[in-house]
Amino acid sequence: MNQRNPYPPISHFALIFLLHLPLSFSKSPPTNSSVSALLVFGDSTVDPGNNNFVPTIFRSNFPPYGRDFPFHIPTGRFSNGRLSTDFIASYFGVKDYVPPYLDPSLTVDDLITGVSFASAGSGFDPLTPKVGNVVPIEAQVEYFREYKERLEGVMGKQRTKNHIKNTVFFISAGTNDFVITYFNLPLRRKTFTLSAYQHFIIQQISQFFQALWAEGARRFVMPGLAPLGCLPVVITLYSSNAFLHRGCIDRYSAAARDFNALLQAELLSLQTHLSKKSPTFIGYINTYDFVVDIIQNVGKSGFEKVDVGCCGSGLLEMSLFCNYKSPVCLDASRYLFFDAIHPTEKAYYNLFRAGIPVFDHITRDLR
């Protein structure tokens, strides 16, 4: 595979959070699905290992990551097992695991049914990927253009055009922009109020969607942000008493809540505008309320630990600080988070479950 990477790679810290339910389909996947592929863009919540091929320290291709993945392989996914996009691809019937685009061992068949361009630590703010030297969102779009050219070489231009039209584009990013770039670094706070920064990120998202649309994308799905104030690392860093009182910090969750309202409005506006030119579907998944429901219903939700991660102390560890020397919980399915910011496989599964109505709508629309 062509390993050109003309863009400065990106950082870590990412997310997108989730729900509860057993790791088996209680509802059958759609039959005769006409979804041709799943293409994924974003951050560590949907990066299956692209950062393994990028000169960055923000990786997870070592134990205990991947301990519940088939054959206990640490693939570079920031979790103990599969990501939500793996479950989504399986539901659509295109493949069981979404591979990283930068993996040089990918075959043509791997490419045709879908890949992930996502990079842990990335975000919509151009400054965010520079923090960890990872793959910026705009570079992910360039990789998609390269991907299209490779498909055209095999399938021809018209077949590729139809293939892309029936592909689902899944986008998960934004957490790093707030948790790292805005709240943790001073530069953006000197330039933007929180409200102005939220609108700035929305503008970046709009440009991103329109760039993909111009390349033939017509079916999109994007989850909103989870309550940022409920991330174990945020509680640890910003709580007045992080050891005794590990409740969510509303100041940070409110930032996500307000941003999600802007995001939903923008996605609806984009769908309306773009559909005037060509039928377009943009689905939104309400991650925020699902996570809040889990946290407020500990035990009933199927999760017993929601304020710490499974790895290490569960307070701060992630990436290189969650490693083979770290103590790890016995049963990750009891935990909402695997490390101090990323969900467990069970949590990712339930994010997928939350999106089934959206995925079914896309499947019906394509028939």
Worksheet item: Taking the stretch 309-323 as the region of interest, how many residues are under 21 Å from the mean Cα position of the chain (by Cα), open to solvent by 20 Å² or more (accessible area, probe 1.4 Å) and not hydrophobic (A, V, I, L, M, F, W, C)?
Response: 1
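Would you check if there is a residue in the stretch 232-249 being of a type in the set (Phe, Trp, Tyr), in contact (Cβ under 8 Å) with a residue 12 or more places away in the chain and either in contact with a Ser or Thr (Cβ under 8 Å, 6 or more places away or on another chain) or open to solvent by less than 40 Å² (accessible area, probe 1.4 Å) (or both)?
no
Per-residue answers, yes or no, for (1) closer than 25 Å to Lys130 by Cβ; (2) at pLDDT below 95:
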| site | (1), (2) |
| --- | --- |
| Thr181 | yes, no |
| Arg219 | no, no |
| Pro227 | no, no |
| His245 | no, yes |
| Ile249 | no, no |
| Tyr252 | yes, no |
Discussion item. Every residue in the stretch 329-347 that is closer than 13 Å to Ile294 by Cα and either in contact with a Leu (Cβ under 6 Å, 6 or more places away or on another chain) or not hydroxyl-bearing (Ser, Thr, Tyr) (or both), please.
Written reply: Arg334, Leu336, Phe337, Pro343, Lys346, Ala347
Worksheet item: Can you name the number of the only condition in (1) more than 23 Å from Ser119 (Cα to Cα); (2) in contact with a helix residue (DSSP H, G or I) (Cβ under 6 Å, 6 or more places away or on another chain); (3) open to solvent by 40 Å² or more (accessible area, probe 1.4 Å); (4) at pLDDT 95 or above that Val306 fails?
Response: (3)
Discussion item. With the requirement that a residue be surrounded by fewer than 24 Cβ atoms within 10 Å (Cβ to Cβ) and within 24 Å of Tyr252 (Cα to Cα), what does the stretch 336-354 give you?
Written reply: Ala354
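Could you say which residue among Val134, Val141 is β-branched (Val, Ile, Thr) and under 23 Å from Glu266 (Cα atoms)?
Numbers: Val134 fails: under 23 Å from Glu266 (Cα atoms).
Within the list Val134, Val141, the selection yields Val141.
Just checking, does the stretch 282-301 include any residue being assigned to a strand (DSSP E or B), in contact with a helix residue (DSSP H, G or I) (Cβ under 9 Å, 6 or more places away or on another chain), among the hydroxyl-bearing types (Ser, Thr, Tyr) and touching a residue at least 60 places away in the same chain (Cβ under 8 Å)?
Restricting attention to the stretch 282-301, the residues satisfying the condition of being assigned to a strand (DSSP E or B) are 282-285.
In the following step, the residues that additionally are in contact with a helix residue (DSSP H, G or I) (Cβ under 9 Å, 6 or more places away or on another chain) were identified as 282-285.
Going one step further and asking which of them are among the hydroxyl-bearing types (Ser, Thr, Tyr), we end up with 284.
Remaining after also requiring touching a residue at least 60 places away in the same chain (Cβ under 8 Å): 284.
Yes; the residues of the stretch 282-301 include at least one that is assigned to a strand (DSSP E or B), in contact with a helix residue (DSSP H, G or I) (Cβ under 9 Å, 6 or more places away or on another chain), among the hydroxyl-bearing types (Ser, Thr, Tyr) and touching a residue at least 60 places away in the same chain (Cβ under 8 Å).
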Fill in: Residue list for the stretch 257-273, restricted to those being under 16 Å from Gln203 (Cα atoms) and out of contact with any strand residue (DSSP E or B) (no Cβ under 8 Å at 6 or more places or on another chain)
Asp258, Phe259, Asn260, Ala261, Leu262, Ala265, Glu266, Ser269, His273
Worksheet item: How about the stretch 324-344: which of its residues are within 21 Å of the chain's Cα centre (by Cα) and outside any loop (DSSP other than H, G, I, E, B)?
Response: Ala332, Ser333, Tyr335, Leu336, Phe337, Pro343
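So which helices (runs of 4 or more DSSP H) are wholly in the stretch 77-188 and hold at least 2 residues that are crowded, with 23+ Cβ neighbours inside 10 Å and touching a residue at least 40 places away in the same chain (Cβ under 8 Å)?
Numbers: elements: 84-92, 108-113, 128-132, 137-155, 157-165.
Once the helices (runs of 4 or more DSSP H) in the stretch 77-188 are filtered for at least 2 residues that are crowded, with 23+ Cβ neighbours inside 10 Å and touching a residue at least 40 places away in the same chain (Cβ under 8 Å), what remains is 84-92, 128-132, 137-155.
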Worksheet item: When you go through Ser275, Ser313 one by one, which is the residue that is without any contact (Cβ under 8 Å) to a residue 60 or more places away in the chain and within 30 Å of Leu212 (Cβ to Cβ)?
Response: Ser275
Worksheet item: Taking the stated definitions as given, is Ile285 open to solvent by less than 20 Å² (accessible area, probe 1.4 Å) and on the phi < 0 side of the Ramachandran plot?
Response: yes
Worksheet item: Just checking, how many residues over the stretch 34-53 are under 18 Å from the mean Cα position of the chain (by Cα) and in a loop (DSSP other than H, G, I, E, B)?
Response: 7
Item to complete: Working carefully through the options Val292, Val298, find the one that is open to solvent by 30 Å² or more (accessible area, probe 1.4 Å), hydrophobic (A, V, I, L, M, F, W, C) and modelled with pLDDT under 95.
Response: Val298
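The values are calculated or read from the model by the stated rules, or taken from the named source; none is laboratory data. On a predicted model such as this, the values are computed, not experimentally measured, just so you know. All Cβ positions, glycine included, derive from the backbone under ideal geometry; neighbour counts span all protein chains shown. Please note that ligands, DNA and RNA were not included when accessible areas were found on the heavy atoms of the full protein model with its side chains. Shrake-Rupley method; radii C 1.70, N 1.55, O 1.52, S 1.80 Å.
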